[in-house]
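In what follows, a single structure is set out as structure tokens and then discussed.
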Amino acid sequence: MATSSSSLPPDLFDQTTLISLFSTLAILGLALAISRRALDTATTTGPYRVLFIWHAFDALIHFVLEGSFLYHCFFSSVLATAAGSKSFYPDPHNFLGTTARVHGAQAGGDNPFAQLWMVYARADRRWAGVDLGVVSLELLTVLIVGPLAVLTCYDIAKKNVARANIIMIVIATAEIYGGFMTFCPEWLVGNLNLDTSNFMYLWVYLVFFNTLWVWIPLYAIYVASSDIVDAFRVRDAARTVKKTR
């Protein structure tokens, strides 16, 4: 793990970085706009309005950004002999049945999404290439969690909160587990792929963007489980009244 440095990288706030950060804000704005069109604000409670926005944002992040990461892992490559530089994150042995190529955003050239991931890879170099643990988790995230987040938004909009609560707990558990499995391998080897030498890499890229998928899922579990417990409480109260008659 890199130690703190008095000199900041010259590309810390370059154009690619600023566009990458703006793209996340744009996705949040889109999720907010979707909520305004899909929800009946008069009958949707504040917590479920927040959770609709979160799951819309979550789905868009998974499909657009993390989907682009997977695309480059499977479809962007250069010859390993042409890469030749230590700045490239090497492919796992026999990835996609070959040892002759290097895959990932590092091989994406001028593609905007490849450049976005190369910005994030300044803090965690695994995202420049193919890390089997990360790719395996992202496959589940994009193909399963993303659609479930869309279904959650649909259920909240249609007032089907019973199913929404169950799915939110499933999604939140998956997100928290996925975050742990993303970083635990790094912790066990001394954070070899992480750069924490400045506030942007440590507190914005690594801490803020990753713990969002811890604190808000915990809130989702709290809201959903509270609603489920209340439903059981109402049911038990109704049974008690029925028995006393």
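Computed from the coordinates by the stated procedures, all read-outs in this text should not be read as laboratory data. Bear in mind the structure is a predicted one, so any value in this text is a computation, not a measurement. Glycine gets a Cβ as well: all are built from the backbone with ideal geometry, and neighbour counts include every protein chain shown.
Would you mind counting up the charge near residue 210? Only other residues with Cβ under 11 Å from its Cβ, with Lys and Arg at +1 and Asp and Glu at -1. Intermediate values should be presented prior to the final figure.
Details: positive: none; negative: 124, 175.
With Lys, Arg at +1 and Asp, Glu at -1, the neighbours total -2.
Determine the gain in length on full extension of the stretch residue 40-residue 24; use 0.36 nm per residue of separation and subtract their C-alpha separation, reporting nm with one decimal.
3.2 nm
What is the gain in length, in nm to one decimal, between residue 33 and residue 163 on full extension, counting 0.36 nm per residue of separation less the C-alpha to C-alpha distance?
Numbers: separation 130, 0.36 × 130 = 46.80 nm, distance 2.36 nm.
So the chain would gain 44.4 nm between residue 33 and residue 163.
What do you get for chymotrypsin sites (Phe, Trp or Tyr not before Pro) in region 10-86 restricted to DSSP loop and a cutoff of at most 14 other Cβ within 10 Å of the site's Cβ?
On the way: sites: 13, 22, 48, 52, 54, 57, 63, 69, 71, 74, 75; in loops: 13.
Answer in residue order: 13.
When the distances between all Cα atoms of region 15-244 are binned every 5 Å from zero, what whole-number percent does each bin get?
1, 6, 12, 16, 17, 14, 11, 8, 5, 4, 2, 1, 1, 1, 0, 0, 0
In a shell of Cβ-Cβ distance under 15 Å around residue 16, excluding residue 16 itself, what net charge do Lys and Arg (+1) and Asp and Glu (-1) give? Numbers along the way, then the final one.
Details: positive: 122; negative: 11, 14, 110.
Local charge sum for residue 16: -2.
With unit charges on the beta carbons (Lys and Arg positive, Asp and Glu negative) and the dipole taken about the Cα centre of region 15-244, which residue among 15, 94, 34 sits farthest to the positive side?
Among 15, 94, 34, the one farthest towards the positive end of the dipole of region 15-244 is 34.
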